[in-house]
Number of protein chains: 2
Amino acid sequence: MAGNVGTPGATVAGRVMAILGAFDDQQPRLPLSELARRAGLPLPTAHRLAGELVRHGALARVGGDYAIGRRLWEIGLLAPVPSTLREAASPFLNDIHAATRATVHLAVRDGERVLYLERLAGRASVPVVSTVGSTLPLHATGVGKVLLAHAPADIRRRVLAALTRVTPYTVTQPGRLRAQLAQIRLTGYATTVEEMSLGACSVAVPVRREDQVVAAIGVVVPTLRRDRARLTAALQVAAQGIARHLGA
Amino acid sequence: MAGNVGTPGATVAGRVMAILGAFDDQQPRLPLSELARRAGLPLPTAHRLAGELVRHGALARVGGDYAIGRRLWEIGLLAPVPSTLREAASPFLNDIHAATRATVHLAVRDGERVLYLERLAGRASVPVVSTVGSTLPLHATGVGKVLLAHAPADIRRRVLAALTRVTPYTVTQPGRLRAQLAQIRLTGYATTVEEMSLGACSVAVPVRREDQVVAAIGVVVPTLRRDRARLTAALQVAAQGIARHLGA
DNA sequence: CCCGATTCTTCCACTCAGTGGAAGAATCGG
DNA sequence: CCGATTCTTCCACTGAGTGGAAGAATCGGG
């Protein structure tokens, strides 16, 4: 007389919530055994449900551990807590800053604007208009273009329909910007040349978490400096490091 | 020969994700029929599952509609998107600003600091140190105290263990601050008197969503003005309005 | 390199949690 | 007031879910 039976009265939805609720600020990633313990589920049950949630994108596998997956981030009302992102990014931004002496930015998309979360001022007196906490149009800055390139289609549509001119070099033709965005998605980095303020160029790359672009980092340099390749490489290394530290 | 049978091959976890995934930026709240349609589920099934998710706090009922519930917000890695909050708050902040002519703030907790999301400068020349995007200690400002009072226990513990002095009036005794926080939870508002900068007083109240404190709004006035009761009342009305607009 | 401890994964007999058509209740709008 | 629409409850039926046990992989010390 073997054969097991589901605990009477318990629902699958409840067990799913128990698993999602097992994660918190302190423990963004858990091994299966810990996950099962926290959720109060037998190990095989936790294993099967967690696997199913991974298949649905609600959880992600990180090495041997489980973490909150991108599917939950896609629900528009949820976003990475700023401090998590900032903490993960801080050392990498400092590295870039030390290596390039340029102005370094960490930014996220906030609706149809770029929101600057962090800013390390560079040596050179480049005219930079961004300040921490302020927002700028998505289409005229490096980090903005990166975020726009990976924004949902309807956001992109709305932004492209209202391109304001900031400098004579701002891209205001929807077709041209659309081509640039495609290029950005392809090459993995964005550049601007005096599109936001005269005398300043920028290079920016996305920070991904679970294949989802959650932020962008970029540098602003005087128009004269043109070591784009080196800057881009440094930024991409940093972006990967940040992603790793975000626990994904 | 009646009797229904669950669609073969489908899992409950998948249906749960279909329901959660039905919500997005544009549609933070949905009636049952729309929810069922988007999730691709028969109406009774959607009804039962949604009800279960509400019981588990993953969804919330807003009037007749369903919305993402607080349980998901409690998972430390998820937070309200800043723009949603800002958009919901904007008209109310303007009202308060017009009515009081004081400096008005919208802030959220970012780790162990207050992060200012919005700031409407007041008429009077009050010494206010906050700027949009900057962070300040939680224990020395009105909005900070509100957010601290409703922060998780471990955040509270850590902040209370490191109270730095800013002015001679800053509360730096953990016992005294703890008593103030209890009072704030009880009365629903916080006040400071020259604890962050000499010459400035503040009143602040929490903004709740689903019984969860997600932000705080407050005003800063010269120490002379003492119409606290009126300010508090105006703030509380605004906080409720914001919460309503957040779709909760 | 081997072997015991630990953690993860698969298997599967058994059954109760889940299903969804249909019918009834509530709500809306004219 | 009454028809249309949306929401909720009911319930006969069964396959999705369960979890102990056993096997596989991984780790760490000697």
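The table below gives the values:
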quantity	calculated
Only listed residue being open to solvent by less than 40 Å² (accessible area, probe 1.4 Å) and at pLDDT below 85, chosen from A:Ala204, A:Ala215	A:Ala215
Residues of region B:172-191 classified as at pLDDT 90 or above and open to solvent by less than 10 Å² (accessible area, probe 1.4 Å), total	2
Candidates B:Ala39, B:Ala46, filtered to the one that is open to solvent by less than 50 Å² (accessible area, probe 1.4 Å), under 26 Å from A:Gly9 (Cα atoms), more than 28 Å from the chain's Cα centre (by Cα) and more than 10 Å from DNA strand C (Cβ to nearest atom)	B:Ala39
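The values are calculated or read from the model by the stated rules, or taken from the named source; none is laboratory data. Computed from a predicted model, the values in this text were never measured in an experiment. Counting neighbours? That spans all protein chains shown, and the Cβs are built from the backbone with ideal geometry, glycine included. Accessible surface areas use protein heavy atoms only, side chains included; no ligands, DNA or RNA. Shrake-Rupley method; radii C 1.70, N 1.55, O 1.52, S 1.80 Å.
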